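J.: Here you go, one structure.
The values are calculated or read from the model by the stated rules, or taken from the named source; none is laboratory data. Since this is a predicted model, take the numbers as computed values, not measurements. Here the Cβ positions follow ideal geometry from the backbone for every residue, glycine too, while neighbour counts run over all protein chains shown.
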Amino acid sequence: MSGEEKAVEQRAFARLQQSRPALAAEYRNKFGNEISTDNAREVVSPEYAASKEGRTRWSAATQKSASALADHLFDDALRNPDPAKPRVVVMTAGGTGAGKTTILRNNRELADGQFVYDSNLGSKKSSVHKIDAARAAGNQVRVVFAHRVAGRGVHRRSAAASDGRGPSGWPGRSRAHVPGRGGESGIPHEKIRRRPASAVCRRR
């Protein structure tokens, strides 16, 4: 990381440490109940938010502080559920460019629950922890899975499930097909029955 990047990283951290409640309120005013690290970057770093160039240039420098703010928002949302909304938490999964954000924009009903956690669920340990935490707080968890198949068009497939299908591609796990359901999961087989989810789409 360059000297400039380190300086931006330090300023973002200091901003978060000094003004966490205010930044959380600013985030909610801008982004509502959709929680993501990318959105959090817009709040923790004025340099990042200043321009398209800044978003590219300072992405790595704002990763840690933005992730910390997103984690704070996630935990706070679990501690303070909205009694007017269904006890459902939606989480996205899938690689970069697979279409997760597009799916959320085109299916606004997904935001009707407590909140949306827009991530790639790329870390098995972190993902399992967040799913378990959301469920322990009394929520049903639904995973929106975007999958790209090279060389084909876009196809959207929806399926609700009670068998706990989750995201594909977690390290060291092959995808598990659930017969008759059209779903795939990278969650270890012993975990499947524990995590109710919805597998939403496949991008071809």
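J.: With the structure loaded, tell me whether K52 is farther than 25 Å from V143 by Cα and at pLDDT below 95 or whether it fails that test.
T.: Yes, satisfied.
J.: Under the condition of being among the hydroxyl-bearing types (S, T, Y) and under 18 Å from D118 (Cβ atoms), which residue from region 1-60 is nearest to the chain's Cα centre (by Cα)?
T.: S36
J.: Determine whether region 92-110 contains at least one residue that is modelled with pLDDT of 80 or more, out of contact with any Asp or Glu (no Cβ under 9 Å at 6 or more places or on another chain), surrounded by 13 or more Cβ atoms within 10 Å (Cβ to Cβ) and over 13 Å from N33 (Cα atoms).
T.: There is at least one residue in region 92-110 that is modelled with pLDDT of 80 or more, out of contact with any Asp or Glu (no Cβ under 9 Å at 6 or more places or on another chain), surrounded by 13 or more Cβ atoms within 10 Å (Cβ to Cβ) and over 13 Å from N33 (Cα atoms).
J.: State all residues of region 125-144 that are exposed (fewer than 15 other Cβ atoms within 10 Å of the Cβ) and either touching a helix residue (DSSP H, G or I) at 6+ places or on another chain (Cβ under 7 Å) or at negative phi (or both); if no residue qualifies, say none.
T.: Within region 125-144, K125, S126, H129, D132, A136 qualify.
J.: Does N29 count as closer than 28 Å to R135 by Cβ, loosely packed, with under 14 Cβ neighbours inside 10 Å and among the polar types (S, T, N, Q)?
T.: In short, no.
J.: Further question on the same structure: Give region 41-58 a look and list any residue that's surrounded by 16 or more Cβ atoms within 10 Å (Cβ to Cβ) and among the polar types (S, T, N, Q), or say none.
T.: Listed by number, the list holds a single entry, S45.
Rundown of residues vs (1) among the acidic types (D, E); (2) at pLDDT 95 or above, yes/no style:
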site	(1), (2)
E5	yes, no
E9	yes, yes
A12	no, yes
A22	no, yes
N33	no, no
T37	no, no
A40	no, yes
S45	no, yes
D76	yes, yes
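J.: Consider only pairs whose beta carbons are under 7 Å apart and that are at least six residues apart or on different chains; among these, list those whose first residue lies in region 52-80 and is in contact (Cβ under 8 Å) with a residue 24 or more places away in the chain and whose second residue is surrounded by 18 or more Cβ atoms within 10 Å (Cβ to Cβ) and among the basic types (K, R).
T.: Listed by first residue and then by second, the contacts come to T62/R41; A66/R41; F74/K130.
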